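Some notes on the structure that comes next.
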Amino acid sequence: MPSTSDAAQATDHRRPRGSSNAERSAYFARREAAKVLRSVLQGDSRRRAVGSIKSLVYSPSVRNKKATFALVCQTLKYLPVIKAVLEDSRVLISKWKRKEELVYIVTYDVLFGQAHCPADDVEKFVLRNKKALQAALHSLLRKKKVKSVDDLTLVHRISDVTKPRYVRVNTLKIDVESAVLELGKQTMVQKDSLLPDLLVLPPATDLHDHPLVLDGSIFLQGKASSMVAAALNPDPDWLVLDACSAPGNKTVHLAALMKDRGRIIACELDKKRVDRLKETIRLSGATSVQALHGDFLSVNPNDPPYSEVRAILLDPSCSGSGTSAERLDHLLPSHSPGHATNGSESGRLNKLAAFQKKALAHALSFPSVEKIVYSTCSVHQIENEDVVSSVLPQAASHGFRLASPLPEWPRRGLPSFAGSENLIRTDPAEDKEGFFIALFVRERKSKSKRCSTSTNSLKRLPRSINRQMTLTRVSRLLLLLSRLHQHN
Ligand SMILES: C[S@@+](CC[C@H](N)C(=O)[O-])C[C@H]1O[C@@H](n2cnc3c(N)ncnc32)[C@H](O)[C@@H]1O
């Protein structure tokens, strides 16, 4: 533990009597750490902004910054173990509930940190129960079949944040049953309960050089990410635009769901990432996808072929806060759903949100679009619910409404506006990653209905012909002919 003597000087008048300087400064550090921990955990549970641990610790009211910061971080690291021990030993009775953060801190110190003399009621209480706490800890070690507390925190971390290995079957190359059989030779395989082309393997299964991965038969794609194309679920014969597409995982998932019929334009701003996108497309075996190096915001919705786009997948750049690898992130307010953060971080989020709103508004302006899916791998409300609610008036004016994709999925949007229950969220703690999905739909316009009905027979054309474009051209020709006919 770092020295805590500086703080003791500042709070001299409140020193506990009869103890050394080091003990007194540790006493004050524990109290300051408890206050910070309370804000951190409350911010996390109430999903409101309280600032990062650093910003809380570096506020002027905290004098013993170094020791307080270390104590908060260490207690958070061991918190699942501390909670389990307190629960098993039945030590945390209702009398101490009001001071539970201080109990956590003192318990950390008593079990894993530095020994100290009792200073006030909380320290005395925890120390009185030291034996019961140690017994509960040993029984937990035995139960989890581990030898040390570090192994135990690893078990807790693993059970907390390690997700199963998800594998998306690329049905353009292999069917689900064959993939199950093939992978089953190496490990346990289950089918996912929500997505028919997703398989669930044990955590940390290493497949990076598996032949099915190398030949594009399966993609190592997470569940939340695989929910996006499934939520859009376009008609196989549609023209679809993937607005921000590299590296292309969702693009080729769309191609598989559309059975490589129709046509997908995959737009990507970054030249280097276009190369990756092309490689993903090649690996998937899809022939209906065309990579486009360009800025989605500069695509003119009224120019062909974009004027005929029927569905848009918009998965723009985002903070990525839902997929952070930091082990303790899900405990921290800066990573809690719906949370906005401090200074430079909130500036970055505002910039991202401004782009996300612009891109979503742009998607809503495509004249033939019937479905738009908007997704992020962020947990922040500012990039999710707030982006969606900001475009609702424009969406309504274009005839769009929020639909409720994958209705069996239990976790929905934060209740920040009426209709947010239609949105999908995945939870960093429950689902091991934080994701957000919104689906806009609008009823087909009567003009496109007429065009489509009159050209239905064209859907049986051979695959080599680009049917979507042919349909478009024939529709226009029919319209022209009918106008000529009226004119005559
Ligand atoms: C979150 S990633 C997309 C991931 C992709 N959907 C997938 O599942 O593989 C966002 C991508 O959008 C690209 N991007 C950012 N701004 C863009 C713009 N204005 N037009 C097109 N692409 C853009 C970024 O370069 C980045 O590759």
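Overview of values
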item	result
Calculated FRET value between residue 346 and residue 317, using beta carbons and R₀ = 25 Å, to 0.05	0.90
Fully extended contour minus Cα-Cα distance, from residue 206 to residue 408, at 0.36 nm per residue	69.7 nm
Unsatisfied cross-links (Cα-Cα over 26 Å) in the set 259/371; 77/432; 54/272; 272/371	54/272; 272/371
Ascending count of other beta-carbon atoms within 10 Å, so fewest first, for 72, 176	176, 72
Length gained when the stretch residue 178-residue 142 is fully extended (0.36 nm per residue, less Cα-Cα span)	8.9 nm
Packing-based exposure ordering (other Cβ within 10 Å, fewest first) of 430, 383, 100	430, 100, 383
Flagged links, alpha-carbon separation over 27 Å, of 163/191; 163/357; 144/250; 250/351; 143/163; 66/145	163/357; 144/250; 66/145
Hits among aspartates and glutamates - C-alpha to C-alpha of residue 131 under 16 Å, sequence gap 8 or more where chains match	87, 88, 109, 123
Footprinting exposure proxy for 194, 201 (fewest neighbouring C-beta atoms within 10 Å first)	194, 201
Residues with amide H under 5 Å from that of residue 380, placed H, sequence gap 5 or more	338
For region 247-262, Karplus couplings with θ = phi - 60° (6.51, -1.76, 1.60), whole Hz, Gly/Pro x	x, x, 4, 6, 4, 6, 5, 4, 4, 5, 5, 8, 6, 6, 9, x
Spin-label model distance (nm) - residue 42 vs residue 194, 7 Å beyond Cα toward Cβ	3.3 nm
Three-way shape label, region 21-156, alpha-carbon gyration tensor, a/c 1.5	prolate
Tensor-based shape of region 213-311 (alpha-carbon gyration tensor, a/c under 1.5 rounded, otherwise prolate or oblate)	oblate
For peptides 278-284, 137-143, 434-440, sequence by mean Cβ density within 10 Å, most packed first	434-440, 278-284, 137-143
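Every read-out reported here was derived from the displayed coordinates using simple, explicitly stated rules and does not represent laboratory data. What you are looking at is a predicted structure, and each value in this text was computed from that prediction instead of being measured. As a convention, Cβ positions derive from the backbone with ideal geometry for all residues, glycine included, and neighbour counts pool all protein chains shown.
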